[in-house]
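The structure appears right after this line, and notes come after that.
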Amino acid sequence: MWIGSGNRLAVVAANHAAEAAGVRVGQSLADARALCPALVTKPADGAADARALTRLAAWCRRFSPWTAAVPADPEIPGEAGLWLEVTGCAHLVGGEAALAATITRAFARAGFSARAGLAGTPGAAHALARFGAQFTDQDHAIAPPGGEAEALSPLPVAALRLGANLCEGLDALGLRRIGDLYPLIRGPKRAVLARRFPSLLLERVDAALGRHFEPISPDRERPRFATRLTLPEPSRAEAVIERACERLVGELATRLAAHGIGAQRFVFTAFDTVGRSQRIVIGTARPLAAAKPLARLFALKLGGIDPGPGIDGFALEAFETQPLPLRQRPLGPEADGDGPRQDPRDDAAALAPLIDRLHGRLGRKRVGRIALHPNHLPERAQAFTTADAAEAERPPAPAPPETGPGRPVRLFPKPEPVDAMAEVPDGPPVWFRWRGTRHRVARALGPERIALDWWTLPGWQANPAAPAQPPALGTAIRDYYRVETEAGTRFWIYRAGLHRADAPAHWYLHGIFP
Amino acid sequence: MKEAPTPMRPPAPPGGARREAIARLKTEIARIEAAGTTAGSGTPAPGPVPFGIAAIDGHLPGGGLATGAVHEIVAGDDGMGATGFALALIARLTRATARSAWLWCGQGLPPYGPGLAGFGLDPAHLIVARCACDRDVLWAMEEGLGAPALAAILGDVAEIDTRAGRRLALAARLGGVTALLLRGGPDGQKGAAMPAVAATRWRVRGLPLAPGGGGEDGFGWRVDFLRGGGALPRSWQVLWRPGQPEAAAKTCEDGPKDDGWENGNTGGPGLAPPGALSLAAPLSGGAAPEGDTRPQRAAG
């Protein structure tokens, strides 16, 4: 893993095999490649790493309620990690060593290689976790209470999170280990050190030794919207399930509304007495926090719950939460009504409940809108978009390509072949047979010639290696006629390709006019 | 039936006065019924939406297509005439209700988007609900009837029973939304009759236009009004001319003898649609007449 920092590409992470080959974190990518030509490199994704760390920090709340993620810093190699404030937590698992071992074991089981450092100050714990490996054969290092100075003394100065430049400066003076700094931070030499180096150095040393308090800021816990209900005794009655759902929906909606938050996914779980659980998942087109529409959406699906031997618990959770947009309530006499009134012309907002309910019963793929595409080919001039996509990013509607009656109201996705007879070779048909019925043409308008984009046709695309010949001139076109039968039905039929003396014409019926 | 006279009963008015009283009571009942139906929903349904064709509007009670009701349109042939007639009505309804969104539900294919432009409808306002069975179609229609943001609902239904029909009619009355039930057509079952719960029932089939008849851009339909609102069955020939702002031919009242298309204004200027329904020749009474229904160009 490498990352660009300034004009230098640096290694930010390396696996065991690479480290065995001599690759070190903080090296330039060019050096690493020179050391190990077979090195597989990938650019680091800092944002994804930070997200993963945040998730791990949340997971670590099982060990301590006070956890924080430290994002990677390109200046300080190996900075990324997790803080856990374990004061008062260690005895729960049998002491500090047991706690550190438990944590590293849990990470190893999850596929992470982790090292733990435990000390009285965050700075010391940080240094021990990253640089304490050389002094212990375990995957954790613990400084006894008050023993931070002694434990840190043999570690390199880089363990103080100082950055490469500062470390080089100290190195030039022969200050390579943290212990080398101890004589300099007390007495008159402290002023010299403060003048010579940025204040960061003294801050970090003081913090690591506990002379200066360094707080850990925990990640803010996002409110979780979930309610649950336990029945005093199991029930199989439908009415009980309905009542329970109604009550949970009411509670959840109250909490969501209090936070000004709406959710787009709701999961209702019913637990029965033999330990099975059944889930009903509801998705909505826009964030929802109101009890009534939510209850109606669930009412559509509650019948799918099989009570089995009896249900004794329910839970309702809200996911994909986001702040609700504020609605302005009208002033004047209308404001006296109960709740905000919706303007029926406020299309998207007023239609959302309907679309949600259609989704609930018909499925998300079956409800949507028709989007026009600027394509000459009739079957590609429109596409069905699901309502979610349509509401999320509705493209500016292109001007309707035709205002006249040039397009039918029924278009067959696949043109249907018909037998047809034309009076003149490239004229409209005089009769045709479609679905077993013979129609005589009384009137025909056209032709309207539509050329196909032959480069997208299957035969042309099939063989990109061999340069295929474009189709012969005049074969990839359609001549459309609007014909009216003697009975009064109007069809859209076309002849594929130009008339050729050596081949019969192929006619297709593609649409029906009103 | 003989009734014992009670002291409370007013004396029966004689002759013409009685008819007058009955007429007064009828209007009173109509007023009460209208008030009762709109009380349930937040948005009262607008009054009947006129077709913009004097002959049809004059024949229908209320002067147009009742909103907040279910109307049934039966396809009389394999063409799309019934769909076209329904789309023309939806275009009228969207303008009259000032709502743009409308819902299509059915098992087959929704109307072809580019073809909607010919009726002045923007496909972006169409919500498509593709259903797996008739029960879902009826359910989706009922849901849509409760959504006051919709201008109209077009439902493609093959089978419907009295109970479902009554549910739809009730939902339409409460919600104030108009539903058009499309029956038959190229994908549907022909001859499937709906129980008499729709407010009106129509049958539409394509009508051949004589060469040049009605201009080259136009669709001719033979529209049979089968029943509804106590009006008698009647048939008309209707010409739909897309893209013509005010061209709307007027009727020739006296049958097929003189059935030329004339120009005339049929709607208010604000309602002038890009396409206009136009009417020719109410066919001689009754809904079932066959024979020569082809409009001919008038000489003069």
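Readers should treat all values here as calculations from the given coordinates under stated rules, not as data from a laboratory. Worth saying up front: this structure is predicted, and the values here are computed from it rather than measured. Neighbour counts run over all protein chains shown; Cβ positions are idealised from the backbone, glycine included.
For the pair A:ALA451 and A:ALA290 in one chain, pulling the backbone fully straight at 0.36 nm per residue adds 52.7 nm over the alpha carbon distance.
As a proxy for reagent exposure, ranking A:VAL93, B:VAL70 by other Cβ atoms within 10 Å from fewest up yields A:VAL93, B:VAL70. Taking every C-alpha pair closer than 8 Å and separated by at least 6 residues, the mean separation divided by the residue count of the stretch A:226-323 gives a relative contact order of 46 percent.
Counting Lys and Arg as +1 and Asp and Glu as -1 over every other residue whose Cβ lies under 11 Å from the Cβ of A:PHE384, the net charge comes to +4.
Mean partner shielding of peptide B:99-110, defined as the number of other chain Cβ atoms within 10 Å of each residue Cβ, is 3.
In this structure, the amide hydrogen of B:GLY76, modeled 1.01 Å from its nitrogen in the peptide plane, lies closer than 5 angstrom to those of B:ALA82, B:VAL204, B:ARG205, counting only residues at least 5 positions away or on a different chain.
Counting beta carbons within 10 Å around each of B:THR200, A:THR485, A:THR41 and listing the fewest first gives the order A:THR41, B:THR200, A:THR485. Scan the stretch A:95-184 for trypsin sites (Lys or Arg not before Pro) in coil per DSSP, keeping those whose Cβ has at most 15 other Cβ atoms within 10 Å, and list them by number. Sparse-neighbourhood loop trypsin sites (Lys or Arg not before Pro): A:ARG176. Between A:ILE185 and A:LEU231, residue separation times 0.36 nm minus the direct Cα-Cα distance comes to 10.1 nm.
Taking 7 Å steps out from each Cα toward its Cβ at B:THR27 and A:LEU35 produces label points 10.1 nm apart. Computed extension gain for A:ALA383 through A:GLU150, at 0.36 nm per residue and net of the alpha carbon distance, reaches 76.7 nm.
A simple spin-label model places the labels of A:VAL430 and A:THR54 7.6 nm from each other, with each point 7 Å out along Cα-to-Cβ. Each of A:VAL367, A:VAL418 was scored by other Cβ atoms within 10 Å of its Cβ. Arranged with the fewest first, they read A:VAL418, A:VAL367. Mean per-residue shielding of peptide A:362-375 is 5, counting Cβ atoms of other chains within 10 Å of each Cβ. The calculated FRET efficiency for A:GLU416 paired with A:GLU320, based on their beta-carbon distance and R0 = 56 Å, is about 0.80. Note on B:THR162/A:ASP306: beta-carbon distance plugged into 1/(1 + (r/R0)^6) with R0 of 35 Å gives a FRET efficiency of 0.60.
Peptide B:120-128 has a mean of 6 when you count, residue by residue, the C-beta atoms of other protein chains within 10 Å of its C-beta.
Spin-label model, A:VAL274/A:LEU173: points 7 Å from Cα along the beta carbon direction are separated by 7.5 nm.
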